[in-house]
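Written out below as structure tokens is the structure these notes cover.
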Amino acid sequence: MTGLIRRTFVALDEEIFKSLYVALIRPHLEYANQPRRHCEMTIYNLYLFDRDGQLLYYAEWTRKKQSGMTKDEEAKLMYGMIFSMKSFVTKVSPVDLREGYMSYATNKYCLNLYETPSKLKFVLNTDTHAQGIKELLHQLYTQVYVEYVVFNPLCSLNKPIESELFATKLDEVVKQSPAYASRPA
Amino acid sequence: MAEETVFDFIHMEAVSYVFQGEKVSEDEAVSKLEHMGFATGYRLVERLTRESGRYKDELDIMKYICKDLWVTVYKKQIDNLRTNHQGVYVLHDNRFRLLTHMANGKQYLQYAPRYLAFTCGLVRGCLANLGVTCVVTAEVTHLPACKFQIQVQRG
């Protein structure tokens, strides 16, 4: 491309070359850079509900807009919504659903729900480009919840989780997943 | 791997069972757990040392406790053994298996001794059947590390 420019112009001024470079060559280089953009994924927050709808744990990483209601009300709203969505989806679905994973996406965020066989629900809000969330939620369940809550004799399974170790490990696992970027979207 | 989890859960339930009821004092409950450990340790050591020969001296017995017994029950060895050669031995475990899932620091510190009582009894029972009378106490300052102090009663 640079050769083409040099051959076309008899007298090549620095200025002209620069503007031609910007116009013709840079776009090709930038095109190659584009795929990296899709890795700008962020995780916003996480809710953990037990089988009766009680909020066991809430964690937040980036949240720019508050919902304007108390934590309890927000938790109830969230649980009510996922409960109705789950029953709606199973009734309307044209095929048999066995997966415990469901998600909906708006143009700004994506809500992912993972339900374990013991009816524990992990709800994770991420941005729309996040990949591999099902595996991440499964990992959170097996490597963090089971290890640090089920095995902790002082954590009652139907009460809000107070273990600091659980909080630390949860944070660690989320931060080292590829779906978490420190740049806010 | 599954067998360890069964022991962990039974132990957790034993601790909460012993603390059930309103009038149970901490000491009573802890001593019940210690007795359970003693009886278990007494028979366990008989079963585990079936094949090995007699032990040369007390220090050898302590080393056996630190290595073989801990590996059999908790799948790891004791990290540090100290003694003053006058009958006091201190066993350090930096990641005691029954405490690793609880906390990493000071949270739940007041409840930690309950989960060590059974093990204290276990060690006492093992030593008793090997001919060493002693008193075993445990101390936790920073989960999940803990120290077991063995004081041998002589004479």
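List of remarks:
- Cross-link pairs beyond the 19 Å C-alpha cut-off, checked among A:K86/A:K119; A:K76/A:K119; B:K32/B:K67: B:K32/B:K67
- Our coupling estimate for segment A:151-161, obtained by passing each phi through the Karplus curve with A = 6.51, B = -1.76, C = 1.60 and θ = phi - 60°, is 7, 9, x, 8, 9, 7, 6, 10, 10, x, 7 Hz, Gly and Pro reported as x.
- For B:K76, distant residues with modelled amide H under 5 Å away: B:V71
- ³J(HN,Hα) computed for each position of segment B:39-56 - Karplus, 6.51 cos²θ - 1.76 cosθ + 1.60, integer Hz, glycine/proline x: 4, 5, x, 4, 6, 4, 5, 4, 5, 6, 9, 3, 8, 7, x, 6, 8, 5
- Label-to-label distance, nm, for residues given as B:E3 and A:T106 (7 Å Cα→Cβ offset): 5.5 nm
- Backbone phi angles across segment B:26-34, fed through the Karplus curve with coefficients 6.51, -1.76 and 1.60 (θ = phi - 60°), yield HN-Hα couplings of 4, 5, 4, 5, 5, 6, 5, 4, 5 Hz in residue order; Gly and Pro are listed as x.
- For B:Y55, neighbours were defined as the other residues whose beta-carbon sits under 15 Å from its Cβ, and their charges (Lys and Arg +1, Asp and Glu -1) total -1.
- Under the simplified labelling scheme, the A:D52-B:L109 pair shows an inter-label distance of 3.3 nm, with each label point 7 Å from Cα along Cα→Cβ.
- Note on chain B: with a GNM built from Cα contacts shorter than 10 Å, the maximum mean-square fluctuation among B:T119, B:T141, B:T40 falls on B:T141.
- Amide H contacts under 5 Å for A:H129: A:T42, restricted to partners 5 or more places along the chain or on a different chain, H placed in the peptide plane at 1.01 Å from N.
- For the protein assembly as shown, dividing the convex hull volume of the Cα atoms by the residue count gives 275 Å³ per residue.
- A:K134-B:V24 FRET efficiency (beta carbon distance; Förster radius 51 Å; 0.05 resolution): 0.65
- Where only DSSP H runs of four or more residues are counted, the protein assembly as shown gives -12000 deg cm²/dmol as its mean residue ellipticity at 222 nm, each run worth -39500 (n - 2.57).
Readers should treat all values here as calculations from the given coordinates under stated rules, not as data from a laboratory. Since the structure is predicted, the reported quantities are computational estimates derived from the model, not experimental observations. Virtual Cβ from ideal backbone geometry, glycine too; neighbours counted across all protein chains shown.
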